[in-house]
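Structure first, commentary second.
Each reported figure results from applying straightforward, stated rules to the coordinates on display, with no laboratory input. Values in this document were obtained by computation on a predicted structure and should not be read as measured data. Neighbour counts run over all protein chains shown; Cβ positions are idealised from the backbone, glycine included.
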Amino acid sequence: MSLAAPLALALTALAIPIIIFYILKVRLRRVPISTNLFWRQLYDEKPPRSIWQYLRHLLSLLVQLLFIALLVLAVADPSFSWQLLQARRIVVVIDNSASMRAADVLPSRFEAAIENALATADGLRFRDEMAIVLAGPEPEVVVGMSGHIPTLKRALRSINISDNPTKLRPAIEFAQQLVSEHPHGEVLVFTDGCATEDREEDKTENPKPGDKGSDSSSPVSPSSERPSVLQRRIFGSFEAGNIGITQFQVCRSLIDPLGYEVLVRVHNASANAVKGRLELELDGAPVDVLPLDLAPDGVFTRSLEKTSLEGGTHVARLTEIPADNNSLATDDAAWAVLPPREIQNVLIVSRNLFLRKVFEANPLVRISVVEEFPETWPTSGIIVLHRDVPQKLPPGNLLVVDPQNDSDLWTVGESLANPIIIKQDADSPLMTYVRLDNVIMPQAKQLRFTAAPHVLAGSLSGDPVYAEVKRANGKCLVLSVNINEGDLAFRTAFPIMMTNSLGWFAGRQGELRPALQTGAVTEVDLVDANVRAAEVLQLRSPSGDMQPLVVRGNRDPKNQEQLDATGVTPSVALPPFDAVGLWSVVRKSGSRPLAEIAVNLSDVSESDLRTPVELLPKNKPAILTASWLSRPLWFYLAVVACLLTVVEWWLHQRRMIA
C-alpha cells in the first residue's frame, strides 16, 4: 500500500488531547446534606450488575481514537499497488454521422450509442481514465483523459448528431495514439458499421466478430509493450432499408444561354423493390416529376435539360416512398444553386455581320450597332471595337477584334501569314471548351504591347493571338484574328469564346456552383458583393443559426481580374458544413444573402444503412463494469469513520442514561 499524502499522518497528534480529556478526573464539589439515607437506598436498589460499567468509558475512548485514525488515514489517500498497476485508460470514439439517425435501433442508433457510452462511464474503476473523441470531419477531443464521471457524462450528453459522413479511421488512429503505450489501454468505438473503411477492412482486422460485443483486439504498433484493445460496439441491423438521393447538381448550359442541366442520382439501398416519385422544384415552383421504380440495390440516374433566366434554389425531394424502405430522412431532399443570368449591353462599333450575329444569337445580350466612334462612350456594358480603334481607348470593358491601327496599349506590326496556335491557357475561364490549334487564321496581326499581356492563345512564333491586357480603367480583351478570312467565324469555338468573354466581363467565375457534401470546406469570393477585407459577416445555417466570418484579402495572381480597389480579392473561408440544406453568407440576420452554398449528404455509404453481417455482434455488447472496490480507499475509510460516530453516540447515550 502507498500513501498519496503521507504528511497527513501527522494529524494523529489529535489523539493526545482526547486521551488527556479521558485521563483527567473532574473534581467533585462537596455539598453538605442532612442525611445520606436516600443515597444509600438508591445505591442498594441499583448495585453494579456487570463489568460493562467499568469498560464503557474505555470503549468510548477507543472508538474515538479509531475514528481519528480512520480520518487521518483517509486524508493520507492510501491505495493498493494493484489499483495502480491495473488502472485502465479508455478512449471512447463516438460516431455522430448521418446514418446514426436511423431508428431501427430504438430510440435511434445515436441515442442508443450515447446510453451505452454513459453506462461505460459509470463502470469506471478507481484510477481509471476515459477520454471522448468525436469522429467528425476531423477527430475532435470532447474531453481529455479524466476519471471524473460526472464530467464525462455531461460531455457525452452534450454531443449532437450531425449530417456529416462517417470518418472513423482518423479518429481511431488518434485514439490509439492516446493509449498506445499504456499496458491497459482500450479504444471503444460506438458506431453502426456503415463507414466505408468498416465495410472494406473489418473482415481482416477483426477475425472474431461478436466476441463479448466487440469485433476484435488489434495492436497499435509492434513497439507497444502491450497492444491496446480496439473494440467496436455496433448499433445497427442488416435489415435496415433506405432510399436516398446520392447526387444532385445543376449547371448552366454552354450552348443555350438560358438553359441549364440537372444531374440526379437515387440509390435504393434495400433488399426490396421500391416505387415512388422524385419531385424537382425551382424557387418553390414545380419543374418536373419523375416516377421511380427501383429494384433492390438499384440506381436511378437522369440528366435533364431545363431553361431559366432568373435561376434560384433547386430542390429535389423523394415522395411517396414506403416508410419500411426509408429509414433515413436526411437524404430524402437535396439542394443546388442555379446562378442567374443577367442582360448585358453590348455596343458594336462595326457593321461586321459575324460580330453582330454572334451577339444577336445570345438572348442575354442587348446590342447597339454604330459605324463611327460615338461622341460619348457608355459607362457600363461592353464595347466591341472591330478593326478601327481610337488612339486612346475608352474606359470600361473592351473587346477588340482585328485591330488595324495603334493605340495607347499596343502598336500594330506585320501580318502573320497563317499562325499555328501551340499555347492555350487551359486554366482561364475565357478558354473553357475552346480549341484553336486546328483553326485557320490568315492575316492575323502582330501586336507589340506596351505592357506584357496575359496570353490566352499564342502562336508558334511566340506572338499572342488572343490576350488579356491589363489596364487601370477596365478590362480588355484583344483578338488579333481577321474574322473575315479563315474559318474561325464558322467554328463553334467562336461563339463559345464570345460567351466566355461575356461571363468574364460580368465577373462570373463559370456557370457552375457545385453542391457540396456535408463535412466539406470551401472558400467563397465576394468581389461582386462590395465587401472589404476585415469586414465581419455571418454564416447562416439551414436552421437559422449564425456564426461570424471575417473577410480576408487574397492576392493570388490567378484571380487578378477580381481584384478590387485595394488590390485584393475579398473572400471568406467557410467552416465544415455539418447539416444539409442551403447555407448563406449574410451581413446580418435577415439581410439578403451575399452568397449561397447548397450542402447535401451525397454519400452512398451513409445512405446504405445496412450494417455488414460480419460486424454484427453475436451476443449483446458487454458494458464496462467496475468491481466492488471501484471507489478510492479513502471513501471506505470515511464511511467506517461515520459509522463509528454512531457507535460512540450510542455509548454516550448509554452512559448518560445509566
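With the simple model of a label 7 Å out from the Cα in the direction of the Cβ, residue 39 to residue 521 spans 9.4 nm.
Using a Förster distance of 25 angstrom, determine the FRET efficiency expected from the C-beta separation of residue 380 and residue 283, and round it to 0.05.
Numbers: r = 28 Å, r/R0 = 1.10.
The computed FRET efficiency comes out at 0.35.
Between residue 449 and residue 392, the distance separating the two model label sites (each 7 Å from Cα on the Cα→Cβ line) works out to 2.3 nm. Each principal axis of the Cα cloud of the range 352-449 was taken in turn, and the coordinate range along them, longest first, works out to 39, 33, 26 Å.
Taking 0.36 nm per residue of separation and subtracting the current Cα-Cα distance, fully stretching the chain between residue 169 and residue 373 would add 66.8 nm.
Computed from the C-beta positions of residue 66 and residue 636, the FRET efficiency with R₀ = 22 Å rounds to 0.95. The length gained on full extension between residue 361 and residue 317, counted as 0.36 nm times the residue separation minus their Cα-Cα distance, comes to 12.3 nm.
Residue 305: net charge of surrounding residues, Cβ under 13 Å, Lys/Arg +1, Asp/Glu -1, itself excluded? Within the 13 Å Cβ shell, the charges total 0.
Annotation for residue 440 and residue 473: the two label points, set 7 Å from Cα along the Cα-Cβ direction, are 4.1 nm apart.
Full-extension gain between residue 417 and residue 649, please, as 0.36 nm times their residue separation minus the C-alpha to C-alpha distance. Please list the in-between numbers first.
On the way: separation 232, 0.36 × 232 = 83.52 nm, distance 11.83 nm.
Full extension from residue 417 to residue 649 adds 71.7 nm.
Calculate, for residue 309 and residue 613, the FRET efficiency according to 1/(1 + (r/R0)^6) with r their C-beta to C-beta distance and R0 45 Å; round to the nearest 0.05. It comes out at approximately 0.30.
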